[in-house]
Amino acid sequence: MKFNLDSFLTDSKEVFHLARVTLRSKDDIEMHTHDYAEIFWIEEGEGFHLVNGEKVKIFPGYLCTLRPGDEHTFIAKSATKGLTITNLAFKSSTLDYYRERYFPATNLYFWSKSHLPFSFRVPKEELCLLSGKADHIINQTKNNIHLDRLLLFIFEIIEPSYESYDPEMPYWLQSALENYNSPVVFKEGVDGFLSIANKSLDHCNRILKKYTGKTLTDTINEAKIKYAARLLIMTDASVKNIASDCGYGNIGYFYRVFKTHYKMSPKDYRTYNKRII
């Protein structure tokens, strides 16, 4: 089955569809493709995303950028708890504007050529901000201003984690770098990265050094500190909790690593950046 964006729009002035739905049965949404681009994220519940012949586990914070040709549906793990999804659908022609303006060289997001669509784990604090932004827009006029506000906010969340990769870099390494971005893997340290890459420590170090000039330890620390910096700006979580989420059990060590990277303490960084905002 193929879904059409026009069937979700209520009048000719609308350019996107935004909705939140709780699924309880595997028959709630049948397998389908669509003539539009789509971003969805999981608000509550767990289950599976059946996409392009694969079965992907999904949970709160799971965000996915779907291309028009991706075939998919959902299954809730529990019919009682259900699976609450927020869905943003918009014209695929919008992607041409965004790629030309913001992402001319990327192979991520909607422009990924991989079998599975791009996905991202949104941290808990940022998921709350994203849900709040959607709540504000969901009853507004569905025009380009509100679409851009939401899309730019989403890209602000997912874009800072990524670098411009060497086009020759192996896909497994790109994928590992992109997905090493949550407290779950941060707390596992090196083992968390290796579990994503599914490669040996020596192999990861050798290939990282070749394509980035960095060791695995340097790469991991940089990912953790960048993640911490984003939480300091975008949330009011305590420095202690942020350090813990990033896998730093010693708050003093976290302060030293952060200051080395940003030339100021975490508290000063938060104060300085929130003053600018």
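The values are calculated or read from the model by the stated rules, or taken from the named source; none is laboratory data. Worth saying up front: this structure is predicted, and the values here are computed from it rather than measured. Note that we place each Cβ from the backbone using ideal geometry, even for glycine, and neighbour counts take in every protein chain shown. Only protein heavy atoms, including side chains, enter the accessible area calculation; ligands, DNA and RNA are left aside. Shrake-Rupley method; radii C 1.70, N 1.55, O 1.52, S 1.80 Å.
Scattering from region 58-200 was approximated by placing one identical point on each alpha carbon and applying the Debye formula without solvent; log10 I(q)/I(0) at 0.16 1/Å stands at -1.05.
Around GLU14, with a cut-off of 12 angstrom between Cβ atoms, what is the net charge of the other residues, counting Lys and Arg +1 and Asp and Glu -1?
Details: positive: LYS13, LYS91, LYS142; negative: ASP6, ASP11.
Net of charged neighbours comes to +1.
For ILE29, the residues 5 or more places off, or on other chains, whose built amide H falls under 5 Å of its own are PHE74. Against the chain, whose longest principal axis comes from its Cα atoms, helix 266-276 is set at around 50 degrees.
Electrostatic bookkeeping for GLU44 treats Lys and Arg as +1 and Asp and Glu as -1; over the other residues with beta carbon under 11 Å from its beta carbon, the sum is 0.
Please pull out the direction-averaged projected area of region 189-277, using the convex hull of its alpha-carbon atoms, in nm² to one decimal place. List each step's numbers first, then the result.
Values: hull surface 25.4 nm².
The orientation-averaged projected area of the Cα hull of region 189-277 comes to 6.3 nm².
Two numbers describe the Cα atoms of region 1-91: Rg and Dmax, which are 12.8, 38 Å. The stretch between ARG99 and THR80, if pulled fully straight at 0.36 nm per residue, gains 2.8 nm over its current Cα-Cα span. If you wrap the Cα atoms of the chain in a convex hull and average its projected area over all directions, you get 15.7 nm². With the convex hull drawn over the C-alpha atoms of region 129-198, the volume per residue is 115 Å³.
Can you compute the FRET efficiency between MET31 and ASP166 using 1/(1 + (r/R0)^6), with r the Cβ-Cβ distance and R0 = 25 Å? Round to the nearest 0.05.
On the way: r = 37 Å, r/R0 = 1.47.
Between MET31 and ASP166 the formula returns 0.10.
Find the accessible area per residue for the chain; the probe is 1.4 Å, ligands and nucleic acids are left out, and the unit is Å². Mind showing how you got there, number by number?
Numbers: 14270 Å² over 277 residues.
Ligands and nucleic acids excluded, the result is 52 Å² per residue.
As a check on your grasp of the helix formula, calculate [θ] at 222 nm for the chain: sum -39500 (n - 2.57) over DSSP H runs of n ≥ 4, divide by the residue count, round to the nearest 500.
Values: 11 runs with 120 residues, N = 277.
Mean residue ellipticity, 222 nm, calculated: -13000 deg cm²/dmol.
Annotation: GLU188 carries an accessible surface of approximately 90 Å², with a 1.4 Å probe and no ligand, DNA or RNA atoms counted.
Each label point was placed 7 Å from the Cα along the Cα-to-Cβ direction; for LEU152 and ASN198 their separation is 3.9 nm. For the chain, the Cβ-based charge dipole about the Cα centre amounts to some 1000 debye (Lys, Arg positive; Asp, Glu negative; other atoms uncharged). Bridgeable aspartates and glutamates around LYS91 (alpha carbons under 12 Å apart, same-chain partners fewer than 8 residues away excluded): ASP6, GLU14, ASP35, GLU38.
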